[in-house]
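Below: the structure, in C-alpha cells.
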Amino acid sequence: MDRWTPTAIARSGHPTKRLFYRRASPSGVQAATRSVDGSDAESVVSVGDGRFNEILPLSDGRCLLARVNGGESVSITQRMYWWTLGDTARTLLTNPNGASANGPRPSPDGRWVTYSALSREVRHVNIVPFPGPGPAVRVDQNGAGLAVWRRDGRGLLFVDEQGLTEVMLAFTPNPVVTATRRVIDGPFTLDGATHANSDVGRDGSLLLVRRVRQPRTIVIRDFAELVRQRVSESGK
C-alpha cells in the first residue's frame, strides 16, 4: 500500500489550491501533488532518482524545491534540487561542502532559500540566492537550528542554545545581517535537524513547539507479578 506525507501547500490567492507531498510506494519515495478538493488525479512530479524527503513550491507555484538523497537510506548525504513543473531534469541549488542540507525554506518573494548544514560538526543557518548562482551566506554566530522567514521576507528566526533569535537582513545584493534580537530566552536542543520547530503566522504571530520537561525513564521491577497481584485483588 502506498503511504504519503504532506510537506507543502501551494497557494494561488485564496483559498488553497494544491497539496504537495512525498509518496512512499514499492517503487520508492517520490514527490506528488493533487488538488486539495480531490477534483483531479494524483500526479507524480519527481524529477531524477533518489529518495524525495521534502518538497516545497516556490512563490510562483511552478518551481519546486526538494530535499533529496541518493538512495533509500536516510543516512545518505542530502542535497537541494529545484525544477519547474514539466521539466525532465533538475538543478542542484547548492553543495554545502559535502554536508547534508536540511530544512530548506524559500523566501516569500522566491528569490532566496535558507537551509542548515553542518560545518565542523556544528549546524549553521545559511542563505543562497534562487535560482543562483551565488555564494551561501551564514547568518548565525555559534550554531543554530532550522530557520523560518519573517512574513515580510526581511529576516529569519531560528533557535540556538540561548533561545529563539531573530536576525534582520538587508540584500546589497547578498544578504547582510543588520540587527539581531533575542525573542525568547532559554536553551533549546539543536539535535532535531529535519523540520523547524517554529513558524510565523500570516498576522505575524509566532508558533513554537518546545519540550517543557525533561523525559523520564520509569522502571517497574517484577511487572508481571505486580499485574497478577492487582488482578487478584480486584477479584477478576
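Brief remarks on what is shown
- More than 27 Å apart - percent of Cα-Cα pairs taken over the stretch 97-236: 33 percent
- Sorting Val177, Val113, Val44 from the fewest to the most surrounding beta carbons within 10 angstrom yields Val44, Val177, Val113.
- Residues Phe223, Phe20, Phe171, arranged from fewest to most other Cβ atoms within 10 angstrom of their Cβ, appear as Phe223, Phe171, Phe20.
- Burial ordering of Asp199, Asp140, Asp40, fewest other beta-carbon atoms within 10 Å first: Asp40, Asp199, Asp140
All of the numbers you see were taken from the coordinates with simple rules; none came from a lab. Note that the coordinates shown come from a computational prediction; the quantities given were computed from them, not determined experimentally. Heads up, the Cβs are rebuilt from the backbone with ideal geometry, glycines too, and the neighbour counts pull from every protein chain shown.
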